[in-house]
Amino acid sequence: MSDQLFRTLAEVAPVGIFRTDTSGQCLYVNERWCTITGLSVDAAAGLGWTTALHPDDRERVTDEWTQAMRDGRPFLSEYRFQTAEQKITWVVGQARPELDQQGDVVGYVGTITDITEHKRADEALRASEDRYRSLYDETPTMYFTLATDGRVLSVNRFGAGQLGYQVDELVGQSMLGLFHEDDEETVAAGLSECLAKPKTTKHWELRKVRKNGGVIWVRETARVSQSSSGETIVLVSCEDITERKRMEKTLATQ
């Protein structure tokens with residue numbers, strides 16, 4: 001490709017384009033590259049482009065870039081540029097060796113693509129997941145996710161604590177083993193009915209056994225759902241009704 005054709009294509013490209021010599025010294029950047037980094041063509045020359053790297057990324061990226069040049073291999077990395085006005089732009093940068101007719105490396109040609117919106121979306125998703133996890137763990141209701149065979153796939157921290165366990169002590173256990181032995185058959189039948197009739201929501205009031213052997217009464221609601229991977233699961237919410245049961249028993253004896 002002629003230099004003229006290269007420059008024509010580079011100027012209309014929607015990504016930042018750069019060209020370097022064999023040691024990684026910048027020889028050319030297009031207008032889009034200047035827009036992303038906030039540097040002029042002259043300021044980018046040589047290793048001037050590294051001054052626009054975010055301070056927290058500069059050493060890492062410079063090291064990765066230098067090593068790629070030394071090894072004569074392609075470069076690929078995600079990092080940030082920061083302008084003099086403190087505008088931060090996330091990019092994915094990549095470069096490949098440019099070869100002459102004899103197959104020798106004569107320099108590198110690369111691109112930087114703005115992925116800032118993608119990064120923001122990722123951060124927003126993580127924040128949302130963190131808020132959901134906090135709500136799931138701390139809300140004063142016991143929540144269980146069960147496999148079709150009744151194994152506990154997940155339980156919130158509050159739920160585990162109400163039964164005297166740590167979360168990892170319950171994951172993998174059979175849900176039936178958490179119930180009073182006289183109620184296990186009823187629970188098994190309820191779960192089977194849920195799975196047989198996926199649109200049915202089941203309720204039961206039965207006894208659960210805490211880790212220390214204490215017994216609490218609970219009201220549970222169970223329904224079938226699908227995991228993110230498409231597997232059939234059972235979602236169970238559980239409310240401690242021990243005090244209500246005690247009051248009902250007291251009133252019944254009066």
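Here are some notes:
- Tally of residues being outside any strand (DSSP E or B), within 25 Å of Ala189 (Cβ to Cβ) and of a type in the set (Val, Ile, Thr) across the range 233-254: 2
- A single member of Ala196, Ala252 is aliphatic (A, V, I, L, M), within 19 Å of Asp149 (Cα to Cα) and open to solvent by 70 Å² or more (accessible area, probe 1.4 Å), and it is Ala196.
- Check on Gly230, open to solvent by less than 60 Å² (accessible area, probe 1.4 Å), part of a loop (DSSP other than H, G, I, E, B) and either of a type in the set (Val, Ile, Thr) or under 23 Å from Phe158 (Cβ atoms) (or both): no
- Taking (1) open to solvent by less than 40 Å² (accessible area, probe 1.4 Å); (2) touching a residue at least 60 places away in the same chain (Cβ under 8 Å); (3) more than 15 Å from Leu235 (Cβ to Cβ); (4) not hydrophobic (A, V, I, L, M, F, W, C) in turn, Gly159 satisfies each apart from (3).
- The sole residue among Tyr143, Tyr108, Tyr136 that is under 29 Å from Gln67 (Cα atoms) and of a type in the set (Phe, Trp, Tyr) is Tyr108.
- For the range 78-91, a residue qualifies if it is in a strand (DSSP E or B) and surrounded by fewer than 16 Cβ atoms within 10 Å (Cβ to Cβ), and the qualifying residues are Glu78, Ile88.
- The one condition in (1) loosely packed, with under 12 Cβ neighbours inside 10 Å; (2) modelled with pLDDT under 85 that Asp149 fails to fulfil: (2)
- Pairs are defined by a Cβ separation below 7 Å, a sequence spacing of at least 6 or placement on different chains, a first member in the range 95-109 that is under 18 Å from Ile17 (Cβ atoms) and open to solvent by less than 40 Å² (accessible area, probe 1.4 Å), and a second member that is polar (S, T, N, Q) and assigned to a strand (DSSP E or B); the pairs so defined are Gly107/Thr20; Tyr108/Thr20.
- Leading residue by the ranking (nearest to the chain's Cα centre (by Cα)) among those in the range 199-214 that are open to solvent by 70 Å² or more (accessible area, probe 1.4 Å) and farther than 23 Å from Thr148 by Cβ: Lys211
- Filtered residue count, the range 22-53, keeping only those that are closer than 16 Å to Gly110 by Cα, in contact (Cβ under 8 Å) with a residue 40 or more places away in the chain and open to solvent by 20 Å² or more (accessible area, probe 1.4 Å): 3
- Of residues in the range 110-127 being part of a helix (DSSP H, G or I) and in contact with a strand residue (DSSP E or B) (Cβ under 8 Å, 6 or more places away or on another chain), the one most open to solvent (accessible area, probe 1.4 Å): His118
- Filter pass, Ala222 being closer than 16 Å to Thr145 by Cα, open to solvent by less than 50 Å² (accessible area, probe 1.4 Å) and not in a strand (DSSP E or B): no
- For beta carbons closer than 6 Å, sequence separation of 6+ or different chains, a first residue in the range 225-254 that is closer than 25 Å to Ser192 by Cβ and a second that is modelled with pLDDT of 85 or more and open to solvent by 100 Å² or more (accessible area, probe 1.4 Å), the qualifying pairs are Leu235/Arg223.
- Candidates Asp56, Asp63, Asp137, filtered to the one that is open to solvent by less than 60 Å² (accessible area, probe 1.4 Å) and either under 30 Å from Gln162 (Cβ atoms) or of a type in the set (D, E, K, R) (or both): Asp137
- Selected residue (criterion: farthest from Asp240 (Cα to Cα)) from residues of the range 142-195 that are assigned to a loop (DSSP other than H, G, I, E, B) and of a type in the set (S, T, N, Q): Thr148
The values are calculated or read from the model by the stated rules, or taken from the named source; none is laboratory data. Bear in mind that the values here come from a model prediction, so they are computed numbers and not experimental data. Every residue, glycine among them, receives a Cβ derived from its backbone with ideal geometry; neighbour counts consider all protein chains shown. Note: accessible area is taken over every heavy atom of the protein model, side chains too, but ligands, DNA and RNA are not part of it. Shrake-Rupley method; radii C 1.70, N 1.55, O 1.52, S 1.80 Å.
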